[in-house]
Amino acid sequence: MISQRAKYALRALLALASCEAPTGLTIGHIASAQKIPRKFLEQILLQLKYAGFVASRRGKLGGYGLGKPAADITFGEVLRLIDGPLAPLPCLSKIAYRRCTDCPDEGTCELRRVFSHVAQSARAVLDRTSLADAAANPAGGAGERSDLERLAIDA
């Protein structure tokens, strides 16, 4: 499960990816449109700015915009920045590996084997899905498979 902070970060980034205004969006506009508490959004945008996902401009025409193209920002990158590893078990984490204390042998652990497949599938979808993919694929009509659904099926 992703944190509320990660959901807000992704919603803010998607709002910026969909923005056509050359000056970007103000914090107030994003907070209001996405129903994100303003103070919380300020902290999130600062973290996203330090990571290079967003850029800010000061002044009367100031606001926030994406720091790089929406096609170059994946859900996986954002989730790792905000929430940390994407692994469901600590022994499956690529960046924060920790041996499970209650597991006698990782090589024969049934839980690890099953959740390894889950983690690989989730990582594949999240690392292939960009903000541009999500912004270009609003909920499709009945019976249609969106590009996002095809990404998930291919994982």
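Which of the three applies to the stretch 1-109, rounded, prolate or oblate, going by the alpha-carbon gyration tensor with a ≥ b ≥ c and a/c under 1.5 meaning rounded? Note, shape of the stretch 1-109 comes out prolate.
Rounded to 0.05, the FRET efficiency of the residue 93 and residue 26 pair, given R0 = 41 Å and the Cβ-Cβ distance, is 0.65. Compared with the alpha-carbon gap, the fully stretched path from residue 5 to residue 18 is longer by 2.7 nm at 0.36 nm per residue.
Seen against the Cα atoms of the chain and their longest principal axis, helix 110-128 is set at about 20 degrees. Across the chain, the mean sequence separation of Cα contacts (distance under 8 Å, 6 or more residues apart), normalised by length, yields a relative contact order of 22 percent. Restricting attention to the chain, lysine pairs at least eight places apart or on different chains and with alpha-carbon atoms under 26 angstrom apart total 16. A Förster radius of 22 Å, combined with the Cβ-Cβ distance separating residue 72 from residue 49, puts the computed FRET efficiency at roughly 0.90.
Bear in mind that the values in this text are calculations on the coordinates, not laboratory data. In this text the structure is predicted, and so the values were computed from the model without any measurement. Positions of Cβ are backbone-derived with ideal geometry, glycine not excepted, and every protein chain shown enters the neighbour counts.
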